[in-house]
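Visitor: Structure incoming, see below.
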Amino acid sequence: MKKYLVSAVSCALLCSAVSSHATPPFKPDLVAEGNRWTITFYDDGSGTHNQWATQGLCFYYAGTYGSQQRYQWVSDTFPDWNGLATQEGDQIFMHGDYAQDVGHDGMEWEIVTRSRNNMGAGHWKEWREDSRFGRTIGWGNARFERVGRCEPDSAEEAWEKYRDIGYPRDDKGREMYQPMGNQSDNQ
């Protein structure tokens, strides 16, 4: 009987220790040390992973759900680009829309540094709807970097402020009509 009691107590302690690490708030999170991040796209279709574009993102707390910290996000460099993100530990999962919800993005990444200016790395995919399978803009690697604080205090204020800004331009002066940027001339 004593053997079973020790096993049961050991199991309970182990389970509580594991679950305590999966409970928000997570440190670092996407907001506390500064809610403005940049995201940079590197094309997986290129042997040299050509860089296409860097965009700014503003994150805002949106509560917790189970073991996840939730966020709303809005781009301050690309018009009408916004979505939701969820964090569990160092892992971040994001989705968003642009071009009046015809264009879509998904990102999966991890915070990889613990400094004040955290960095993250992962993957970014972008596509547009069509009548069949969708039109892929790109599949690629993504680098994230915390760069400061966003001016608007809420996601709603940020959405109002940035939804009608002009399109950003690439290094050749061409307008970018999707957040990933323009495809490299080397393709």
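The values are calculated or read from the model by the stated rules, or taken from the named source; none is laboratory data. Since the structure is predicted, the reported quantities are computational estimates derived from the model, not experimental observations. Glycine gets a Cβ as well: all are built from the backbone with ideal geometry, and neighbour counts include every protein chain shown.
Visitor: In segment 105-119, is there at least one residue being under 30 Å from Gly89 (Cβ atoms) and among the basic types (Lys, Arg)?
Guide: From segment 105-119, those under 30 Å from Gly89 (Cβ atoms) are 105-119; that's our starting set.
Within this subset, residues satisfying the condition of being among the basic types (Lys, Arg) are 114, 116.
Checked segment 105-119: at least one residue is under 30 Å from Gly89 (Cβ atoms) and among the basic types (Lys, Arg).
Visitor: Considering only residues that are closer than 21 Å to Lys27 by Cα and of a type in the set (Lys, Arg), which ones fall in segment 116-171?
Guide: Passing the criteria: Arg116, Arg143, Arg146, Arg149.
Visitor: Determine which member of the set Met176, Met107 is at pLDDT 95 or above and surrounded by 15 or more Cβ atoms within 10 Å (Cβ to Cβ).
Guide: Result of the check over Met176, Met107: Met107.
Visitor: With Gly83, Gly103 as the choices, which residue is over 17 Å from Trp37 (Cβ atoms) and under 17 Å from the mean Cα position of the chain (by Cα)?
Guide: Values: Gly83 fails: over 17 Å from Trp37 (Cβ atoms).
Only one candidate qualifies: Gly103.
Visitor: Got at least one residue in segment 32-48 being in contact with a Phe, Trp or Tyr (Cβ under 6 Å, 6 or more places away or on another chain), in a loop (DSSP other than H, G, I, E, B) and of a type outside the set (Phe, Trp, Tyr)?
Guide: Yes.
Visitor: Out of (1) at pLDDT below 55; (2) of a type outside the set (Asp, Glu); (3) farther than 27 Å from Ser115 by Cβ, the odd one out for Ser20 is which?
Guide: (3)
Visitor: Here are some residues: Gly34, Gly56, Gly45. Which one is exposed (fewer than 15 other Cβ atoms within 10 Å of the Cβ), modelled with pLDDT of 85 or more and either under 17 Å from the mean Cα position of the chain (by Cα) or not charged (D, E, K, R) (or both)?
Guide: Gly45
Visitor: Consider segment 88-113. How many of its residues are among the aliphatic types (A, V, I, L, M) and on the phi > 0 side of the Ramachandran plot?
Guide: Result for segment 88-113: 1.
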